[in-house]
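Student: Here's a structure for you.
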Amino acid sequence: MERKKLIPRIDLKHTTAEQQAAIDAHVAKGRRITNMKETLLNSVVSFVSLEEGSYEVGDKLREKIGKRADILFGYAISSGNECPICGNYFKWVLEDQLGITDFEHFEFTDEEVELLDFAAALVKDPNHVPDAVYEPLQKRYDTETLVLLVTSAVFTLANNYWNNIVGTAIDDYLHEGHYVERNLDIQAAAHKK
């Protein structure tokens, strides 16, 4: 179903000096300007706050838990939250960069299962995450890692909500798929031990 486009994307050929500076800084870090970012750039402060903060936290979290665990965590949140943009982005990273295409025969680590349980609880009700979900994370991670994990989850949820609210179009490089069903598969597969 096509969603209403609430906010238009900027025209990259007609940017303000402030927008162009933000674009140049973003691209200089090896990041792409996606449809979401073209929309966020209508407010440079929003672009910098949501996008740059998200990347900085994500980079630090990956140092602590690794890329695979981080991507599985983000994918579970975005898919469970039914965000086509973020769900398909994480699916693309899992398949194209990490080579993970089959969750039925995938070996999840205990850490990844704990992260997937946390993601599912956050999507279901972030105000009432069960102690049984928090406790393994508290045993596994130091305080800084827990703060990074929660902050990363908040940024992921914010990106999900933002894209869903404004009706961001899926980028050409992403393949629209059955991310909701895949999320159900990932949760079921994680608990098949």
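Student: Just to be sure I understand, how many residues within region 8-52 are among the aliphatic types (A, V, I, L, M) and either in contact with a strand residue (DSSP E or B) (Cβ under 6 Å, 6 or more places away or on another chain) or touching a residue at least 60 places away in the same chain (Cβ under 8 Å) (or both)?
Tutor: Within region 8-52, residues that are among the aliphatic types (A, V, I, L, M) and either in contact with a strand residue (DSSP E or B) (Cβ under 6 Å, 6 or more places away or on another chain) or touching a residue at least 60 places away in the same chain (Cβ under 8 Å) (or both) number 3.
Student: If you don't mind, there's one more thing I want to ask. Count, please, the residues in region 22-55 that happen to be exposed (fewer than 14 other Cβ atoms within 10 Å of the Cβ) and of a type in the set (D, E).
Tutor: Residues meeting the conditions: 1.
Student: Tell me, which residue of region 56-74 that is open to solvent by less than 10 Å² (accessible area, probe 1.4 Å) and of a type in the set (G, A, S) is farthest from Y89 (Cα to Cα)?
Tutor: A69
Student: Please work out which one of (1) without any contact (Cβ under 8 Å) to a residue 40 or more places away in the chain; (2) within 25 Å of F47 (Cα to Cα); (3) of a type outside the set (A, V, I, L, M) is the condition D142 fails and give its number.
Tutor: For D142, the exception is condition (2).
Student: Kindly establish whether Y89 is aromatic (F, W, Y), under 23 Å from A121 (Cβ atoms) and open to solvent by less than 10 Å² (accessible area, probe 1.4 Å).
Tutor: Spelling it out, it is not the case that Y89 is aromatic (F, W, Y), under 23 Å from A121 (Cβ atoms) and open to solvent by less than 10 Å² (accessible area, probe 1.4 Å).
Student: Got a number for residues in region 59-106 being within 15 Å of A119 (Cα to Cα) and charged (D, E, K, R)?
Tutor: Total satisfying the criteria: 3.
Student: Would you mind telling me which numbered condition in (1) open to solvent by 60 Å² or more (accessible area, probe 1.4 Å); (2) touching a residue at least 60 places away in the same chain (Cβ under 8 Å); (3) part of a helix (DSSP H, G or I) E82 fails?
Tutor: All conditions pass for E82, except number (3).
Student: For region 124-137, what are the residues that are open to solvent by 40 Å² or more (accessible area, probe 1.4 Å) and either of a type in the set (V, I, T) or part of a loop (DSSP other than H, G, I, E, B) (or both)?
Tutor: Correct list: D125, P126, N127, H128, P130.
Table: residues versus (1) at pLDDT below 85; (2) closer than 28 Å to E104 by Cα; (3) among the hydroxyl-bearing types (S, T, Y).
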{"site": "L157", "(1), (2), (3)": "no, yes, no"}
{"site": "N160", "(1), (2), (3)": "no, yes, no"}
{"site": "N163", "(1), (2), (3)": "no, no, no"}
{"site": "V166", "(1), (2), (3)": "no, no, no"}
{"site": "L174", "(1), (2), (3)": "yes, yes, no"}
{"site": "G177", "(1), (2), (3)": "yes, yes, no"}
{"site": "V180", "(1), (2), (3)": "yes, yes, no"}
{"site": "L184", "(1), (2), (3)": "yes, yes, no"}
{"site": "A188", "(1), (2), (3)": "yes, yes, no"}
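The values are calculated or read from the model by the stated rules, or taken from the named source; none is laboratory data. Note that this is a predicted model, so its numbers are computed, not measured. Ideal geometry is used to build each Cβ from the backbone, glycine not excepted, and the neighbour counts take in all protein chains shown. Surface accessibility is based on the protein's heavy atoms, side chains included, excluding ligands, DNA and RNA. Shrake-Rupley method; radii C 1.70, N 1.55, O 1.52, S 1.80 Å.
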